[in-house]
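In what follows, a structure is listed as structure tokens, so that the remarks can point back to it.
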Amino acid sequence: MAGLMAATTLSDRDVVVLEASGRAGGRVESVRRGDYWINLGTQFTEGTGTLIDALERHRIPMGSLAGKKVALALNGKQVDTSNPFGLMLRSRMTLMDRVGLAAVGARILAAVPFLTMNPDNSLAKRVRAALDARPASDVLRGIHSDVARAMVRSWSGQWMGCEPEETAATQFAISMGILLTDPAKVPNFSLPAGGNQTLTDILAADLGDRLRVNSPVRSVEWTEDGVVVDYEDGNGPARLRARRAIVAVPSDVAVKLMPGLPPEYRAAFEDIHYGRYVVVGYFTREEGPQRWDDYMAVSTPQLSFQAMFNHAAALRGTGPRQPGGALACFAGGAVADSLFQLTDEEIVTRFTADLLSLYPELEGKLDEGIVRRHHRVVPFWQPGGRASLPTLRRHLGPVHLAGDYQLDMPSLADAASSGERAAKQVLASLSRPAR
């Protein structure tokens with residue numbers, strides 16, 4: 001999304017987009033069947049700015065998630081999480097589990113007001129600095145409940161694709177604070193009709209033959225006023241020379257492509273880590289109202305997947321309930337690491353059995369599972385790692401950087417904004433008179 005938005009912003013210039021794979025869009029992937037779709041990469045669209053502007057400009061209908069809920073499935077019972085106190089009372093948990101989970105929730109919610117403050121506020125700065133220095137597992141200090149520990153690991157896995165020991169507490173607190181308060185407060189929280197890939201498909205089509213797929217870049221080198229890009233195409237090695245370049249790739253790929261990186265940039269890229277996921281999507285063939293219709297997500301810490309997302313939720317409540325649906329089951333972090341060792345068939349077998357244990361009424365109504373293995377998705381920072389982030393917001397002479405790793409809370413909207421910002425920096429640099 002960062003690269004496509006950068007190219008779109010520069011579309012009135014002589015621009016070329018080099019894409020290593022056979023399609024543009026990166027982690028944005030949707031599969032469609034009839035009126036339903038499944039996002040097999042990034043799940044939701046939210047936020048403000050250039051991404052939402054692009055969706056509106058291209059008149060892509062937005063399926064609203066207003067009024068949809070998040071549930072917790074625990075010990076054979078599904079409970080709405082919109083009321084944390086009700087969750088404590090209605091879930092099948094021991095007293096120790098209730099106390100442990102309440103303590104975890106209180107620690108997360110106590111941080112949220114400071115994280116949503118103006119970052120220049122002195123108190124917000126101190127709280128952020130403290131959270132940046134601690135691992136997310138810090139919310140479990142003194143907690144002896146196995147259920148609370150399992151839930152924190154599940155939350156970290158499903159929202160960031162990593163273990164709570166791996167990431168700084170800041171990102172975890174923001175993600176879970178939103179979930180534990182009210183997802184409806186997230187601006188433009190929605191599902192574009194046809195899935196998130198609807199927009200990337202349109203942007204790619206608009207670029208036409210300026211987008212070159214199956215063209216992996218081998219190196220990017222620069223001088224004071226120009227860039228040399230070596231890549232491969234269908235005819236073998238190729239080279240482009242340009243006045244400017246925007247590199248919109250994951251951090252580990254950036255390090256490989258740019259051998260001339262100054263040490264501080266290389267170190268900053270190496271501070272970025274990525275969550276990993278296994279996703280299985282299912283089109284379904286049920287008829288009539290179902291228990292999960294009003295839920296956009298169900299957290300499942302005791303199953304082989306950690307969350308189920310209901311992509312049909314945005315279509316419910318706007319008329320008669322249509323037959324069928326679309327569900328995606330996610331596992332992240334260490335759970336994904338173990339699943340990577342299995343075949344697709346073994347993964348589908350496990351996920352299907354657990355999905356049927358959650359909703360037995362789906363027996364005989366699930367189409368074949370669609371598997372995706374993502375080894376690199378959501379960027380995160382280890383404790384202390386975010387300090388190097390400002391480095392990556394600065395350009396390297398004629399080379400500019402873009403990606404959702406540039407922002408505090410990575411998202412699809414942030415990726416789009418970073419691409420647009422890099423493109424505007426390029427335009428500004430080209431308009432300055434030569435010295």
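The values are calculated or read from the model by the stated rules, or taken from the named source; none is laboratory data. Treat the numbers as computed from the prediction; the structure is a model and nothing was measured. Ideal geometry is used to build each Cβ from the backbone, glycine not excepted, and the neighbour counts take in all protein chains shown. Calculation scope for accessible area: heavy atoms of the full protein, side chains included, ligands and nucleic acids excluded. Shrake-Rupley method; radii C 1.70, N 1.55, O 1.52, S 1.80 Å.
Two decimals is fine: what's Rg over Rh for region 327-406, C-alpha atoms, Kirkwood radius as Rh?
Working: Rg = 19.3 Å, Rh = 16.2 Å.
Ratio of gyration radius to Kirkwood radius for region 327-406: 1.19.
Name the residue, out of 323, 398, 164, whose mean-square fluctuation peaks in a Gaussian network model built on the chain with Cα pairs under 10 Å.
With Cα springs under 10 Å in the chain, the top fluctuation among 323, 398, 164 is at 323.
Taking the Cβ-Cβ separation of residue 345 and residue 57 as r and a Förster radius of 56 Å, what is the calculated FRET efficiency to the nearest 0.05?
Details: r = 42 Å, r/R0 = 0.76.
E between residue 345 and residue 57, to the nearest 0.05, is 0.85.
Net charge around residue 239, counting only other residues with Cβ within less than 12 Å of its Cβ (Lys, Arg = +1; Asp, Glu = -1)? Write out the running numbers ahead of the final one.
Values: positive: 218, 241; negative: 221, 230, 232, 233.
Counting the neighbours of residue 239, the net charge comes to -2.
Just the accessible area per residue of the chain, please: how many Å² with a 1.4 Å probe? Can you show the working numbers first?
Working: 19170 Å² over 435 residues.
The answer is 44 Å² per residue.
Given the options 94, 352, 167, which has the most mean-square fluctuation in a GNM of the chain, springs set between C-alpha atoms less than 10 angstrom apart?
The residue with the greatest mean-square fluctuation here is 94.
Looking at the chain, how many pairs of lysines come closer than 27 Å at the Cα, when each pair is eight or more places apart or spans two chains?
10
So how much slack lies between residue 125 and residue 240, counting 0.36 nm per residue of separation and subtracting their Cα-Cα distance, in nm? Each step should come with its number before you reach the end.
Details: separation 115, 0.36 × 115 = 41.40 nm, distance 4.38 nm.
Between residue 125 and residue 240, full extension yields 37.0 nm more.
State the three equivalent ellipsoid semi-axes of region 1-50, derived from the C-alpha gyration tensor as the square roots of 5 times its eigenvalues, in descending order and whole Å.
Details: eigenvalues 119, 46, 20 Å².
Each semi-axis is √(5λ); the values are 24, 15, 10 Å.
Per residue, what volume in Å³ does the convex hull of the Cα atoms of region 1-153 enclose?
On the way: hull volume 33.1 nm³, N = 153.
Here the figure is 216 Å³ per residue.
Translational diffusion coefficient, Stokes-Einstein: compute it for region 283-435 using the Kirkwood radius over C-alpha pairs as Rh, at 37 °C and 0.692 mPa s, and state it as an integer in µm² s⁻¹. Mind dumping the intermediate values first?
On the way: Rh = 19.1 Å.
So the translational diffusion coefficient is about 172 µm²/s.
Grab the other residues whose beta carbon is less than 15 angstrom from that of residue 365, score K and R as +1, D and E as -1, and report the net. Write down the numbers at each step before the final one.
Details: positive: 33, 285, 291, 321; negative: 286, 287, 293, 361, 363, 367, 368.
Value of the local net charge: -3.
Cα convex hull of the chain: how many Å³ per residue? Before the final figure, lay out the partial values.
Details: hull volume 66.4 nm³, N = 435.
Once divided by residue count, the hull of the chain is 153 Å³.
Taking the Cα atoms of region 135-293, what is the range of coordinates along each of the three principal axes, in descending order and whole Å?
Principal extents (largest minus smallest coordinate, Cα): 57, 47, 28 Å.
Leaving out ligands, DNA and RNA, what percent of the accessible area of the chain is carbon and sulfur, probe 1.4 Å? Present the calculation step by step, with values, prior to reporting the outcome.
Numbers: 10200 of 19170 Å².
Ligands and nucleic acids excluded, carbon and sulfur give 53 percent.
For the chain, list the DSSP H helices whose alpha carbon atoms reach 18 Å or more along the long axis and whose average Kyte-Doolittle value is 1.0 or above? Can you show the working numbers first?
Values: long enough: 95-115 (30 Å, 1.48); 146-160 (21 Å, -0.27); 344-358 (21 Å, 0.27); 412-431 (29 Å, 0.20).
What comes out of the filter, once short or polar helices are dropped, is 95-115.
Just to be sure I follow: if Rg is taken over the C-alpha atoms of region 291-372 and Rh is the Kirkwood radius over the same atoms, what is Rg/Rh?
Numbers: Rg = 13.4 Å, Rh = 13.6 Å.
Value, to two decimals: 0.98.
Express in nm, to one decimal, how much length is gained between residue 356 and residue 368 on full extension, taking 0.36 nm for each residue of separation and deducting their alpha carbon distance. The partial results should precede the final answer.
Details: separation 12, 0.36 × 12 = 4.32 nm, distance 1.35 nm.
Fully extending the segment from residue 356 to residue 368 adds 3.0 nm.
For the chain, what is the percent of antiparallel DSSP beta bridges, rounded to the nearest 5?
Details: 50 of 59 bridges.
Here the share of antiparallel DSSP bridges comes out near 85 percent.
Give, in nm to one decimal, the length gained when the segment between residue 337 and residue 214 is fully stretched (0.36 nm per residue of separation minus the Cα-Cα distance). Please list the in-between numbers first.
Values: separation 123, 0.36 × 123 = 44.28 nm, distance 2.80 nm.
This chain segment gains 41.5 nm when fully extended.
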